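Accompanying notes for the structure given below.
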Amino acid sequence: MAVIIAYLIQYTLQPTSNKCTRFKELGRTQNNVFRVKKMLYLNRRCFGCVRCSQKQVNPRQLVGLPKSVDWSQEQLNRDENNDTKTLPCARSLIISEPWLNKRFVVLGIETSCDDTGVAIVDSSGRILGETRVGQEAIHSKWGGVVPALARDAHDEAITRCIDGCLKQANLSVSQLDAIAVTMGPGLELCLRVGFESGRNVAASYHLPFVSIHHLEAHCLMARLFFEDITFPFLNVLVSGGHCQLILCKGVGEFLVLGGTLDDAMGEAYDKVARLLGLASGGGGGALVEQLAKDGNADAFHLPVPMSKTKDMNFSFAGLKTAVSLLVRDLGGTEILKECPQLRSDVAASFQKVCYLHLHEKTQRALEWCIENEKNTKYLVLSGGVARNESIRSCCQQLAEKFRLQFAVAPPEWCTDNGVMTAWAGIERLRLGIQDDMKEIDVQARWPIGKFYQGLQ
Ligand code: KG4
Ligand code: ZN
């Protein structure tokens, strides 16, 4: 019956734009209608329906929608005693025997933003196959990631990526032991492509399915390359959507010591790339870093954010504004494009402030760890911005100062990729954690753990 209703609605409403409040309301009140909504998403890629709005949404309006979990959402997740519990999410966990003594092979799928990443990794951490398709060319003319275009590009690439990966690994699907898929946080439309493909493969071959939290995958990635990283460790996560200091206590057990109050560091790099006239779809950070190499970091004074507050939080909105005012005062983006030295000086001055801001807040987190988590042996850096040499050296120096080991994945595995998803799947399966595909759904917003409340 539910299926018939789903199809009736699907063909009468003709989804077109993503502003469908009606569906959201129905979904909230009736569980079975919520399922109908999900089917619409899957089958027709519903962005809304004509009953609510006839208008097509201009993709430009959707650029830059947050992929991160916003602050207020995460505050909801605070609890009284700072306890960390297993990663909170709407998932139904199946705890089986830990997969400890056997070798197993996992296919990982990552489609949370603008990189289609697929990889096959074995339980010893060997990468047997990996494919990636980026979307720079698609988004660059919009100046940011457009979710609907990103979704289409994932859709177009995903089967090719899975097949290519299997070929590289010289394996057939039946030789895989499990499928791990990034289920959030991220762009919902994009997450769905990965979920649908992973679910189809897992269902067709009766393979266990593991739901992966994107930030957990970033945090755990270094353990693939550095086998002796034990819990707890302090993870500095700097990416396009997140900027957090996370105490990793175990798989699924995280305490967020600090996060960003507004934008992420990668987002600031991307914005500065646009202000400097560098072509960038979703990721201009590497281009800014390149420019900064020839610049004078003391050429312009930009304020270091939140240096007077004692907490471990970040803020990049003010810095973004300061750079945009500076660019305006220097004559604007087009003029700057003709003054390479000036442009490099702006990039270097901006990068210096990122360094100082990260240094200050990470130092506070390390002091907190020395005080409260004496067993912390590693400082780990992860996320796309971890590719940046100045950010790497910032964390390296801090680790040395606090007599900790420093770990960061090789640059090519800092940005989003399928290996990190497969590896997080391996970490979960080792503990016997899987998920029931029929009971879970993607989560665009999904806090990684509890927020530390000690320093307000
Ligand atoms: O982890 P990631 O691939 O995606 C998210 O989970 O957000 O990170 C992408 C971010 C982009 O903002 C990109 O500009 C930034 O990482 N990024 C860099 C560098 N390489 C990538 N930022 C600064 N310097 C780099 N070399
Ligand atoms: Zn990421």
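The values are calculated or read from the model by the stated rules, or taken from the named source; none is laboratory data. As the structure is a prediction and not an experimental result, all values here were calculated from the model. No Cβ is skipped: glycine too gets one built from the backbone with ideal geometry, and neighbour counts run over all protein chains shown. With ligands, DNA and RNA removed, areas are computed over all heavy atoms of the protein, side chains included. Shrake-Rupley method; radii C 1.70, N 1.55, O 1.52, S 1.80 Å.
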From the Cα centre of region 345-423 to that of region 109-181, the distance in Å is 26
On the formula 1/(1 + (r/R0)^6), with r taken between the Cβ atoms of Glu227 and Asn375 and R0 of 22 Å, the FRET efficiency rounded to 0.05 is 0.80
Going through Lys249/Lys401; Lys271/Lys450; Lys167/Lys271; Lys249/Lys308 one by one, the pairs whose alpha carbons sit over 32 Å apart turn out to be Lys167/Lys271
Gyration tensor (Cα only) of region 179-241 to equivalent ellipsoid, semi-axes in Å sorted down, yields 26, 17, 7
Highest mean packing first, using Cβ neighbours within 10 angstrom, the peptides 434-444, 106-116 sort as 106-116, 434-444
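Which value in Å does the Kirkwood hydrodynamic radius of region 348-444 take, with 1/r averaged over all unlike C-alpha pairs and then inverted?
Values: mean 1/r = 0.0635 Å⁻¹.
Averaging 1/r across every pair of different Cα atoms and inverting gives 15.7 Å.
Please list Phe451, Phe226 in order of solvent-accessible area, largest first, computed with a 1.4 Å probe with all protein chains present.
Details: Phe451 5, Phe226 60 Å².
Sorted descending by solvent-accessible area, the residues read Phe226, Phe451.
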For region 228-413, the Debye formula with one identical point scatterer on each Cα and no solvent gives log10 I(q)/I(0) at q = 0.10, 0.14 Å⁻¹ as -0.39, -0.73
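Within the set of other residues whose C-beta is less than 11 Å from the C-beta of Glu427, count the net charge using Lys and Arg as +1 and Asp and Glu as -1. Intermediate results must be reported in sequence, preceding the final value.
Numbers: positive: Arg223, Arg428, Arg430; negative: Glu216.
That sum, taken over residues with Cβ under 11 Å, equals +2.
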Computed over the Cα atoms of region 135-242, the Rg and Dmax in Å are 16.1, 44
Using a 1.4 Å probe on heavy atoms of the protein chains only, the accessible area for Ile138 in Å², nearest 10, reads 70
